[in-house]
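Here the structure comes first, spelled out in structure tokens, and everything after it is commentary.
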Amino acid sequence: MTTSSPSLAHTTLLAQLRQICGDAHVLTHETPGVDLATWEQDWRKRVKGRALAVVRPADTAQVAAVVKACAAAQTSIVPQGGNTGLVVGSVPDASGTQIVLSMTRMNAVRAIDKDNLTITVEAGCVLQNLQAAADSAGLLFPLSLGAEGSCTIGGNLGTNAGGTQVVRYGNTRELCLGLEVVTAQGEVWSGLTGLRKDNTGYDLRHLMIGSEGTLGIITAATMKLFPQPAAQLTAWAAVPSMEAAVALLGLAHQRLGPSLTGFEVMGQFALSLVDKHYPQLRVPLWQETPWCVLIENSDSENEAHARSQFESLLEEAMNHGCVTDAVVAESLTQARGLWHIRESITLAQQQEGPNVKHDISIAVSLIPAFVAETDALLAQTFPGVRMVDFGHLGDGNLHYNVQAPEGQDGKAFVLAHEDAVNTVVFDQVSRFKGSISAEHGVGELKAGKLPLYKDPTALAMMRAVKKALDPHNLLNPGRVLSAE
Ligand code: FAD
Ligand code: MLT
Ligand code: ZN
């Protein structure tokens, strides 16, 4: 790539940013020994942008000062946490004029209030560290996803991440009580309340959550904590059809009630990819059944109670014919092993080559019909495509991913057919009154599709909000809302 020297305005801005954050925390392509690819390349390697600089503030005052300086220089900002997002929302565009605002130095746990069941953390705190801090206090922070070792709570809030515990605890949105945010004007909104009730007007917290860095920069958050379960058991069940998986979910709700904390479905081809790329993980039951289900039972009494509840659920399910075989983990290590298999699907499909990735949601009751109809449509339009189906069936959220036919180059397939595949899938989602994004967000990848599937009045209100809060389009331009 050719490099051009920064303009005078950019040179002045870089000098200001260095003054605010310190030389060591303003990285450019000229910084010796630093490769900006870490911040410029998205996780799926779909896009590699070029930043003017990566700026790493240490506190909220520095974030505010950076935003003010960028606003004065009309330079746009891309907020970034762990850069694990899957929809191209956290990396700069190719212009070489954007600032990546990396939040990872702001990673402190500010406070834990055990009586109020809350924790206040800075936005760059890695999710796993937040979980560990809660655990050290004898409490639970339930948000859990495959990227938890590197994603940050700021990114989780920015995307309203879901994960594997939503069936019981809700999305990141439901876990958040308060926010501290730097606005597009560089003002600080101090909203770090731990209140569970507050009806003093518009709930700005909910505007910020899921806004993917387009409305403000989240610098800290107050999140809910929960009591730890007394015992946790995990079962892996073979189910004969998607209808059976939905029937099993109904039974699990009835029999386990609030102890049902996870309900994941995994298709045979998805599991075959884990078996192929990670044979050491020993995927159970996948060869004998089209679908497997992972169920988690978090009991508030004790292990014996959890086990007997689980056994009667599985027995009843077998009698109804919705489970054909099952294993219940005997230990925490075995349970972790089963979850590890589930979480490895994302990496296994990446190993297999790029695919057209989806994170759709449909009412649980309609999922079997959706899958049957859409599989048939895709097979007709793109003969030989392989469906990497898995996801959070408990929440009606499927990763309904379309992989190139056997032997075809994945990259070439995605390049040639992504738009047409999306049209087939999203038209079906719309027919079934679902959502084209249940958890990964819109980013850049789906910004062009949003106007086709979002209610026009809702879209107009979204544009009005963006204009009101960020009139000069400085925060993550082109993400969520495409240019009009
Ligand atoms: P980034 O990728 O850095 O940013 C994501 C978006 O949030 C961008 O638009 C960015 O601008 C914005 N943002 C980041 N920080 C801030 C901030 N402080 N203030 C304002 N905006 C900000 N997602 C799920 O929902 N469920 C899953 O189960 C799941 N599993 C995954 C498994 C793997 C292996 C991988 C790689 C990803 C997975 N994801 C999942 C996607 C991703 O991890 C989530 O979207 C996560 O919330 C992103 O966090 P991050 O810190 O990496 O954010
Ligand atoms: C998951 O549920 O594993 C994630 O959302 C990641 C993915 O879709 O690959
Ligand atoms: Zn997911």
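Could we say that GLY262 is within 29 Å of GLY138 (Cβ to Cβ), touching a residue at least 12 places away in the same chain (Cβ under 8 Å) and open to solvent by less than 20 Å² (accessible area, probe 1.4 Å) here? Steps first, answer last, please.
Numbers: within 29 Å of GLY138 (Cβ to Cβ): yes; touching a residue at least 12 places away in the same chain (Cβ under 8 Å): yes; open to solvent by less than 20 Å² (accessible area, probe 1.4 Å): yes.
Yes: the conditions hold for GLY262.
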Report summary line: By my count, strands (runs of 3 or more DSSP E) wholly in the stretch 94-136 with at least 2 residues that are closer than 14 Å to MET223 by Cα and in contact (Cβ under 8 Å) with a residue 12 or more places away in the chain are 109-113, 118-122
Query raised in the report: Among ALA335, ALA363, ALA412, which is the only one that is more than 20 Å from the chain's Cα centre (by Cα), away from ligand 3 (no atom under 16 Å from the Cβ), not β-branched (Val, Ile, Thr) and not assigned by TED's automatic domain parsing to the domain that holds GLY262?
Result: ALA412
**Report entry** Matching residues in the stretch 112-136 - criterion: being among the small types (Gly, Ala, Ser) and either in contact with a helix residue (DSSP H, G or I) (Cβ under 7 Å, 6 or more places away or on another chain) or farther than 20 Å from ASN171 by Cα (or both)
**Finding:** ALA123, GLY124, SER136
**Report entry** Selection from the stretch 405-423 of residues that are polar (S, T, N, Q) and assigned to a loop (DSSP other than H, G, I, E, B)
**Finding:** GLN408
Report task. Could you list, in sequence order, all residues of the stretch 228-259 that are out of contact with any Leu (no Cβ under 7 Å at 6 or more places or on another chain) and open to solvent by 20 Å² or more (accessible area, probe 1.4 Å)? Result -> PRO229, ALA230, GLN232, PRO240, SER241, GLU243, VAL246, ALA247, GLY250, GLN254, GLY257, PRO258
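Would you point out which residue out of GLY186, GLY163, GLY194 is within 14 Å of the chain's Cα centre (by Cα) and assigned to a loop (DSSP other than H, G, I, E, B)? Working first, answer last.
Details: GLY186 fails: within 14 Å of the chain's Cα centre (by Cα); GLY194 fails: within 14 Å of the chain's Cα centre (by Cα).
The match here is GLY163.
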Query raised in the report: Does the stretch 140-147 contain any residue that is touching a residue at least 12 places away in the same chain (Cβ under 8 Å), buried (at least 20 other Cβ atoms within 10 Å of the Cβ), within 8 Å of ligand 1 (Cβ to nearest atom) and under 20 Å from VAL182 (Cβ atoms)?
Result: no
Report summary line: Restricting the stretch 255-282 to residues that are more than 24 Å from the chain's Cα centre (by Cα) and closer than 26 Å to LEU313 by Cα, the one nearest to ligand 3 (Cβ to nearest atom) turns out to be LEU256
Query - Filtered residues of the stretch 403-419 (kept if among the aliphatic types (A, V, I, L, M) and out of contact with any helix residue (DSSP H, G or I) (no Cβ under 7 Å at 6 or more places or on another chain)) - result: ALA412, VAL414, LEU415, ALA416
Query raised in the report: Can you tell which of THR31, THR75 is touching a Ser or Thr at 6+ places or on another chain (Cβ under 9 Å) and part of a loop (DSSP other than H, G, I, E, B)?
Result: THR75
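The values are calculated or read from the model by the stated rules, or taken from the named source; none is laboratory data. Fair warning: this is a prediction, and the values are worked out from it, not measured in the lab. As a convention, Cβ positions derive from the backbone with ideal geometry for all residues, glycine included, and neighbour counts pool all protein chains shown. All accessible areas refer to the heavy atoms of the entire protein, side chains included, with ligands and DNA or RNA removed. Shrake-Rupley method; radii C 1.70, N 1.55, O 1.52, S 1.80 Å.
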